[in-house]
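Q: Have a look at this one.
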Amino acid sequence: MAHRVLVVEDEEDIAFPLVRTLEREGYDVEWVESGQKALDSLETSPELVILDLGLPDMDGLEVCRRAREAGYQGAIIIVTARAGELDRVVGLDYGADDYLAKPFGLAELQARVRALLRRTSAAIGGGDDEADDGLRIDVEAHRVFAGAEEVPLTGKEFEVLSILAANRDKVVSRGRLMADVWDENWYGSTKTLDVTIGRLRQKLESVGVTDRVVAVRGVGFRLEGGTPDA
């Protein structure tokens, strides 16, 4: 079955070649031109959303925030003419998985789309991981549970947690996390990793998970379980 991609772009001269390119790649593509239509279209469960920030009815960041609050677990790529590190970090803090600044090449977009779809559908780390406190990672379903309660994570948060869980009690370097989660084509600041780690910690703590994501200064991060030696 073809991957479903939702394109949210109000400028037809940008949307049309984008949609045509993705369809030629074999994706099932839906195109909408407003934020509200994008939120409504999430009911069809697209696996990836390409989201422009400059929409006519609401800011794309608001669309991203509402989508995550509503439980959307697919990948989100923000596309915008806004430049600068602040917008990049803010976009990722709202729950986006990747960021493309206009103008961009269609080949680059295709590569980002393939990478995100591959990551969100792949089993990372070699199996489910369950701690004494009830933390369970279902890599095939791309879901995380604390006991019976699901922890809503973005795609990037899930990938970071999966890698840390597969190397529990071992330090995973910042370089490896950036390479494995954002890949070698990521040219943004590594501060995006810190933003993602911060959100992940907050979400785990909010549901009472005793596993901790610990920063090892100058090296990377380690997932420590709720055990005596944690």
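Q: All but one of (1) touching a Gly at 6+ places or on another chain (Cβ under 6 Å); (2) at pLDDT 80 or above; (3) hydrophobic (A, V, I, L, M, F, W, C) hold for Leu100; state the number of the condition that does not hold.
A: (1)
Q: Report yes if some residue within the range 9-28 is surrounded by 19 or more Cβ atoms within 10 Å (Cβ to Cβ), aliphatic (A, V, I, L, M) and not in a helix (DSSP H, G or I); otherwise report no.
A: No; the residues of the range 9-28 include none that is surrounded by 19 or more Cβ atoms within 10 Å (Cβ to Cβ), aliphatic (A, V, I, L, M) and not in a helix (DSSP H, G or I).
Q: Here is a follow-up. Is at least one residue of the range 30-47 at negative phi, of a type in the set (Val, Ile, Thr), crowded, with 21+ Cβ neighbours inside 10 Å and in a helix (DSSP H, G or I)?
A: no
The values are calculated or read from the model by the stated rules, or taken from the named source; none is laboratory data. Fair warning: this is a prediction, and the values are worked out from it, not measured in the lab. Note: ideal-geometry Cβ built from the backbone for every residue, glycine included; neighbour counts use all protein chains shown.
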